[in-house]
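Here is the structure we will look at, set down as structure tokens.
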Amino acid sequence: MKDTHKHKGMRNQLTEILVAKGIADKKVLEAIKTIPRHLFLDSGFEDHAYQDKAFPIGAEQTISQPYTVAFQTELLQIKPNDRILEIGTGSGYQTAVLLHLKAKVYTIERQQELFKKTKLFFAKMNYRPKKVVFGDGYKGLPEDAPFDGIIVTAGAPKVPKALMSQLKVGGKLVIPVGVDSQTMTLFTRKSEKEFEKQELGAFRFVPLLENKN
């Protein structure tokens, strides 16, 4: 599959929809405009790639709605070379957005089928995360901590303590918390012991499963 003028036009339209929904970060919008989202889906679903909705990608997972990807990314306030931990690689689209913002990305996927597929896809597309790990996102990556930002792309019934502990002071954790529907939650680490918490509206995600490898 190629990336054509038609696709670029569709991305421009998608970006306008996101602006209308309140996404303001220019770098995040630039990433949405640039990244060929249709290549992250099977070729039969090309037409769905630039609609603002989630879409199944196999292994009972979804590629998140572009608005959700942009919203979560914007909350992280990424600067070049920030170390970002992503829980739930999925199709790799969110990873690509983080890489576009020049973050150093460490990403974990617990579905083996998706892990293998996405790892090959990254190589083919020349996307270079620092680490692509098959493992349990609840545990994070203690050996690579601390992180400037952590983004969780699945609904967590509770906030994993391991992830909180792997944030730098000043770092941000963006996580959808809840069982059937989730509240997007932003934690900012203020000191060793202190976290500021903000709740930012309802979203729907596939569940973040613990100890499921």
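The values are calculated or read from the model by the stated rules, or taken from the named source; none is laboratory data. Values in this document were obtained by computation on a predicted structure and should not be read as measured data. Please note: Cβ atoms are built from the backbone with ideal geometry, for glycine as well, and neighbour counts cover all protein chains shown. Each accessible area value is taken on the protein alone, full model and side chains, heavy atoms only, with ligands, DNA and RNA left out. Shrake-Rupley method; radii C 1.70, N 1.55, O 1.52, S 1.80 Å.
Annotations
- Here's how it looks for Ile63: its modeled amide H is under 5 Å from those of Phe55, Ile57, which are all 5 or more places away or on a different chain.
- Excluding exposed DSSP-loop trypsin sites (Lys or Arg not before Pro) (at most 16 other C-beta within 10 Å), longest clean stretch of the chain: 54-101
- Whether the range 73-136 is rounded, prolate or oblate, judged on the alpha carbon gyration tensor where a/c under 1.5 counts as rounded: prolate
- Counted over the range 73-186, the DSSP beta bridges are approximately 20% antiparallel.
- The share of accessible area on the range 94-153 that comes from carbon and sulfur is 53 percent, using a 1.4 angstrom probe.
- Sequence of Thr95, Thr153 when ordered by accessible area, the most exposed leading, probe 1.4 angstrom: Thr153, Thr95
- Annotation: amide H-H contacts under 5 Å for Asp82 (H modelled 1.01 Å from N, sequence separation of 5 or more, or interchain): Lys104.
- Inter-site label distance for Leu120 and Lys53 at 7 Å from Cα along Cβ, in nm: 2.9
- Qualifying GluC sites (Glu not before Pro) in the range 56-111, DSSP loop, other Cβ atoms within 10 Å at most 16: Glu60
- Which of Gly44, His7, Leu29, positive extreme of dipole for the range 1-58 (C-beta unit charges): Leu29
- For the range 113-126, the Karplus equation 6.51 cos²θ - 1.76 cosθ + 1.60, evaluated at θ = phi - 60°, returns couplings of 4, 5, 4, 5, 4, 5, 4, 5, 4, 4, 4, 5, 8, 6 Hz by residue, with Gly and Pro reported as x.
- Where the Cα pairs of the chain fall when distances are cut into 5 Å bins, in %: 1, 7, 16, 21, 22, 17, 9, 4, 1, 0, 0
- Semi-axes of the equivalent ellipsoid for the range 141-206, Cα gyration tensor, largest first, Å: 21, 13, 9
- Once the chain from Asp144 to Lys21 is taken as fully extended at 0.36 nm per residue, the excess over their C-alpha distance is 40.8 nm.
- 1.4 Å probe accessible area per residue over the chain, in Å²: 49
- Out-of-range pairs (alpha-carbon distance over 23 Å; input Lys168/Lys193; Lys26/Lys131; Lys161/Lys190; Lys158/Lys197; Lys116/Lys158; Lys26/Lys102): Lys26/Lys131; Lys116/Lys158
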